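The values are calculated or read from the model by the stated rules, or taken from the named source; none is laboratory data. Please read these numbers as outputs of a predicted model, since none were measured by experiment. Here the Cβ positions follow ideal geometry from the backbone for every residue, glycine too, while neighbour counts run over all protein chains shown. In case anyone asks, the SASA skips ligands and DNA or RNA and just uses the protein heavy atoms, side chains included. Shrake-Rupley method; radii C 1.70, N 1.55, O 1.52, S 1.80 Å.
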Amino acid sequence: MSDATRAVEAIWRIESARIVGALARYTGDFALAEDAAQEALAEALVAWPRDGQPANPVGWLMTTAKRRAIDTIRRAGVQREKYEAIAHDQDEAYADDLDVERIDDDVLALMFVSCHPVLSKEARVALTLRVVGGLSSEEIARAFLVPVPTIQARITRAKKTIAAAKVPFEVPSPDERRQRLAGVLNVLYLIFTEGSTATSGEDLIRTDLAREARRLTRVLIGVLPDEPEAYGLLALMELTASRFPARTDATGDPVLLEDQDRTRWDQGAVRRGLAALEQATPRGLGPYGLQAAIAATHATADSVETTDWERIVVLYEALGRIAPNPIVDLNRAVAVAMAHGPLRGLEIVDRIADDKRLDHTHLLPTVRGELLRRLGRTVEAREELERAAGMCTNERERAVLRQKVADLT
């Protein structure tokens, strides 16, 4: 890859949201804006290595994208007013458009459109990574281990759905924004979760995807600096990511929390996570903030034995009240087992065992099997861990479960 090509990709990754957002504002057409921006990117990948990087690379991309949009409108014979709107001042330097408040609104509107509830979860994730994150279809497909045509189809359908639903390109009103912010945060969390706990394939952690989720969350905080739950989400991501270096061994196999070398935890990420948590705390912690507080309790302990498990139990109880979920209950059971013994934890697990929302995950039999093992109920433990291994879709994690079964044989 040439230096010019790397420059194109770096600038695009940083500036694509602003470019697409400004184009969408000019044209009033989200799909046209994204297509025109992608055409400008493709042109830059050819022109910059050949002619050299322009003095104002962002201005070059914006001007080129505007021209591609105008060409499309001309070919389509769209009303003259739209053409005149985006043709106005098209050759002026991009610096003339750098009104900070307008750029922030463009990026924020882009996030809300990409995460709009009319789209499926998969479409929201793909579209956000594409238009806000600046990732190519190939990069998104590689991150999620799906074929490129699948990602391309999701993005195409998403843009058609937005057009058909006549979703406006605008920042929602304050009341609506509060309602829809949870959806934006959820998309960012889904991206991070896929990176930090890969559910399929051989890799346990996909650091590039998790890193992109953190970057996008910082972008969101940059345009919404007064939203505590956005800080809570960033804190959760940073504190979770701090363990990445210790979560796998030299061969890529998972290392359980109690066996991790805590000197390998990324202290820079811990500090960033704690700082973000401080920003979230004064106005009360939401679901992400509470999860971050749990992660902070782990991050500030020297070992599993010295961890304040009582505090973690209380935090999970609080989380269960504001965001009821069987996975929260399952994690609380683990914390209770660490604080008060495996029998107390098993009682909680058995109470939630019939929840149908846990039917698709290997986590319930994994936790139950481990608690049974600690209680010396070897036959039952082996059955649960065998069931967990059969349900697990990540190859490396499945291998660990099978080893646990073998150790009990």
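If you scan region 105-130, which residues turn out to be among the β-branched types (Val, Ile, Thr) and part of a helix (DSSP H, G or I)?
Val107, Val113, Val125, Thr128
Here are Asp71, Asp51: which of them is open to solvent by 50 Å² or more (accessible area, probe 1.4 Å) and without any contact (Cβ under 8 Å) to a residue 40 or more places away in the chain?
Answer to the check: Asp51.
Is it fair to say Val184 is out of contact with any Ser or Thr (no Cβ under 6 Å at 6 or more places or on another chain), modelled with pLDDT of 90 or more, open to solvent by less than 10 Å² (accessible area, probe 1.4 Å) and closer than 22 Å to Ile221 by Cβ?
So Val184 passes the test.
Test of understanding: among Glu384, Glu347, Glu397, Glu370, which residue is surrounded by fewer than 16 Cβ atoms within 10 Å (Cβ to Cβ) and charged (D, E, K, R)?
Selected residue: Glu347, the only one of Glu384, Glu347, Glu397, Glu370 that is surrounded by fewer than 16 Cβ atoms within 10 Å (Cβ to Cβ) and charged (D, E, K, R).
Every residue in region 156-171 that is touching a residue at least 24 places away in the same chain (Cβ under 8 Å) and either open to solvent by 60 Å² or more (accessible area, probe 1.4 Å) or in contact with a Ser or Thr (Cβ under 7 Å, 6 or more places away or on another chain) (or both), please.
Arg157, Lys160, Ala163, Glu170
List the residue pairs whose Cβ atoms are under 6 Å apart, where the first residue sits in region 131-144 and is of a type in the set (Ser, Thr, Tyr) and in a helix (DSSP H, G or I), the second is open to solvent by less than 10 Å² (accessible area, probe 1.4 Å) and modelled with pLDDT of 90 or more, and the two are 6 or more positions apart or on different chains.
Ser137/Ile151
Could you tell me whether region 155-163 includes any residue that is at pLDDT below 90 and either outside any helix (DSSP H, G or I) or small (Gly, Ala, Ser) (or both)?
No: region 155-163 contains no residue that is at pLDDT below 90 and either outside any helix (DSSP H, G or I) or small (Gly, Ala, Ser) (or both).
Here is a check on your reading of the model: is Thr150 crowded, with 18+ Cβ neighbours inside 10 Å, modelled with pLDDT of 80 or more, part of a helix (DSSP H, G or I) and among the hydroxyl-bearing types (Ser, Thr, Tyr)?
Considered against the rule, which asks whether it is crowded, with 18+ Cβ neighbours inside 10 Å, modelled with pLDDT of 80 or more, part of a helix (DSSP H, G or I) and among the hydroxyl-bearing types (Ser, Thr, Tyr), Thr150 comes out as no.
Return the pairs, sorted by first residue and then second, in which the second residue is not in a helix (DSSP H, G or I), the first residue lies in region 277-288 and is touching a residue at least 24 places away in the same chain (Cβ under 8 Å), the beta carbons are less than 6 Å apart, and the residues are 6+ apart or on different chains.
Pro287/Ala323
The conditions are (1) farther than 23 Å from Gly59 by Cβ; (2) at pLDDT below 90, and Glu92 fails exactly one of them. Which is it?
Condition (1) is where Glu92 drops out.
How many residues are open to solvent by less than 100 Å² (accessible area, probe 1.4 Å) and closer than 27 Å to Asn394 by Cα when one looks only at region 252-269?
12
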